[in-house]
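Structure record follows, encoded as structure tokens.
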Amino acid sequence: MSTPMSRLKFFFMLMKSQWFAKIPVPTSSFAGQTVIVTGSNTGLGKEAARHVVRLGAARVILAVRTESKGQAAAEDILTTTKANKNIIEVWPLDMSDFDSIKAFAERAQGLDRLDAVLENAGINSMNWTKVHGEEQILRINLLGTVLLGLLLLPKLRESAKKYNSTGRLSFVGSDLQYVAPMLEAKVPGSLLDAMNDEKSAKHQMNRYPNSKLLLQYATREIAARSPLTPDSNVLVNNMTPGVCKSDLVRDKIPLIVQAIMAVVLGVLARTTEVGGRTLTDAVRPDLGKETHGEFLMDCKVFPAGPNVETATGKELAKRCNAEIFARLEHISPGVTKVLA
Ligand SMILES: NC(=O)c1ccc[n+]([C@@H]2O[C@H](COP(=O)([O-])OP(=O)(O)OC[C@H]3O[C@@H](n4cnc5c(N)ncnc54)[C@H](OP(=O)(O)O)[C@@H]3O)[C@@H](O)[C@H]2O)c1
């Protein structure tokens, strides 16, 4: 069972964050560093990549599923930052396709260094859809995302050691993890099977928050089993940008719903640029050790909430992680060996 935060408490917490939190413009230098940002052709990923380029990174890899969109984003970033065009590279990556993820990670092994990875690519949809035989939100936001993180972790470790620096691996989660109901936990047997069962489509609203809660669980597991040592100086965190304007909602929705959403977002949402600051902060070179394994909100370590911190939350995390990591081991044999 999950133990979501009450919706009222969540509402007040979110309002406080959206209206009163100050999100500073990132200033830490990325000089000399190589950074990968997934899903960086638009939205928060693109704005984070723009900050990282502005802050002097030597190489920024836009990992995107449509290369032409990636090239357009690269040109836009170069125009606004006046950076040297050799700094930005566009690499293909489809987070719904495990072969594409493996090929991307293999290519990344050839980098001379890798300092930070922002795992930003993600989707939300009210439509039940399968890709490669699996429900798409679960596949992209959770399984593909965690798989890529595990495959890139050794390279991050190697670079941190070689350059006497601290690597950073950040998973972009969501504050909706606080209220994720994980109804599938009530179904006996496999959680992933239950989430892949079309019967769960009647709770499609829950799917995105659930995917981000499971990503939160997996992040904590990776951090706990990748403690900071001289051989593994890589900070791992899960973060939320808060509610931001972006292209995240792409479903065809009735005009009236669009109008309501526009009003709500107008009152509540951060600009995409401000959201991009929070992503950049989660991988800044001077990020502190206290962030390892933690949830970041408003650029600070934040309590992860009852879904994570209560005894029932911890029990559910154990059950979910056992399945998630076994599944990843099946997809890519040996991949979990990077964890203690
Ligand atoms: N906006 C918010 O209020 C908010 C709040 C909390 C968390 N987040 C999280 O922030 C992250 C970025 O979202 P956003 O708001 O910036 O949305 P967005 O504008 O829709 O950007 C999402 C990015 O992910 C990419 N992507 C989606 N599926 C992919 C796949 N299979 N392979 C590779 N790339 C894929 C998209 O590429 P295409 O353009 O090619 O589809 C796009 O570049 C997501 O993880 C989201 O869950 C957003």
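The values are calculated or read from the model by the stated rules, or taken from the named source; none is laboratory data. Keep in mind the model is a prediction, meaning the values are calculated, not measured. FYI the Cβ positions are ideal-geometry reconstructions off the backbone, even for glycines, and counts take in every protein chain you see. These accessible areas exclude ligands, DNA and RNA; they are computed on the full protein's heavy atoms, side chains included. Shrake-Rupley method; radii C 1.70, N 1.55, O 1.52, S 1.80 Å.
Things worth noting here:
- There is no residue in the range 308-319 that is part of a helix (DSSP H, G or I), among the polar types (S, T, N, Q) and under 17 Å from Ala224 (Cβ atoms).
- Selection status of Leu152, out of contact with any Lys or Arg (no Cβ under 9 Å at 6 or more places or on another chain) and either of a type outside the set (Phe, Trp, Tyr) or closer than 19 Å to Ala326 by Cα (or both): yes
- Remark: pairs (first residue in the range 135-156, closer than 14 Å to Leu114 by Cα; second residue of a type in the set (Lys, Arg); Cβ separation under 8 Å; 6+ apart in sequence or on different chains) = Leu151/Lys102; Leu156/Arg168.
- If the condition is being open to solvent by 40 Å² or more (accessible area, probe 1.4 Å), of a type outside the set (D, E, K, R) and under 22 Å from the mean Cα position of the chain (by Cα), then the range 239-273 contributes Ser246, Leu248, Val249, Leu265, Thr271.
- Restricting the first member to the range 230-245 and to residues that are closer than 23 Å to Lys46 by Cα, and the second to residues that are aromatic (Phe, Trp, Tyr), the beta-carbon pairs closer than 6 Å and six or more apart or on different chains are Asn238/Phe171; Asn238/Phe295.
- Which numbered condition Asn164 misses (of (1) of a type outside the set (Gly, Ala, Ser); (2) at negative phi; (3) more than 16 Å from the ligand (Cβ to nearest atom)): (2)
- Pair list, Cβ < 6 Å and 6+ apart or interchain, from the range 16-34 residues that are within 15 Å of Thr272 (Cα to Cα) to residues that are among the acidic types (Asp, Glu) and open to solvent by less than 70 Å² (accessible area, probe 1.4 Å): Pro26/Asp281
- Conditions (1) at pLDDT below 95; (2) under 20 Å from Ile123 (Cα atoms); number of the one not met by Ser211: (1)
- Tally, over the range 55-101, of residues that are more than 13 Å from the ligand (Cβ to nearest atom), open to solvent by 70 Å² or more (accessible area, probe 1.4 Å) and of a type outside the set (Ser, Thr, Tyr): 5
- Within the range 172-200, if we keep just the residues that are in a helix (DSSP H, G or I) and open to solvent by 50 Å² or more (accessible area, probe 1.4 Å), the residue that is nearest to the ligand (Cβ to nearest atom) turns out to be Leu176.
- A Cβ distance below 8 Å, combined with a sequence gap of six or more or placement on separate chains, defines the contacts here; from the range 172-192, residues that are farther than 12 Å from Gly313 by Cα and among the charged types (D, E, K, R) reach residues that are assigned to a loop (DSSP other than H, G, I, E, B) and open to solvent by less than 20 Å² (accessible area, probe 1.4 Å) in the pairs Asp175/Gly242.
- Whether a residue is within 13 Å of the ligand (Cβ to nearest atom), outside any strand (DSSP E or B) and farther than 23 Å from Ala121 by Cβ was assessed, and Leu8 does not pass this test.
- Residue pairs whose Cβ atoms lie under 9 Å apart, separated by 6 or more positions or on different chains, with the first residue in the range 41-69 and under 18 Å from Val249 (Cβ atoms) and of a type in the set (S, T, N, Q) and the second in a helix (DSSP H, G or I) and at pLDDT below 95, do not occur.
- Filter result for Lys46 (open to solvent by 10 Å² or more (accessible area, probe 1.4 Å), farther than 19 Å from Thr278 by Cα, assigned to a helix (DSSP H, G or I) and within 11 Å of the ligand (Cβ to nearest atom)): no
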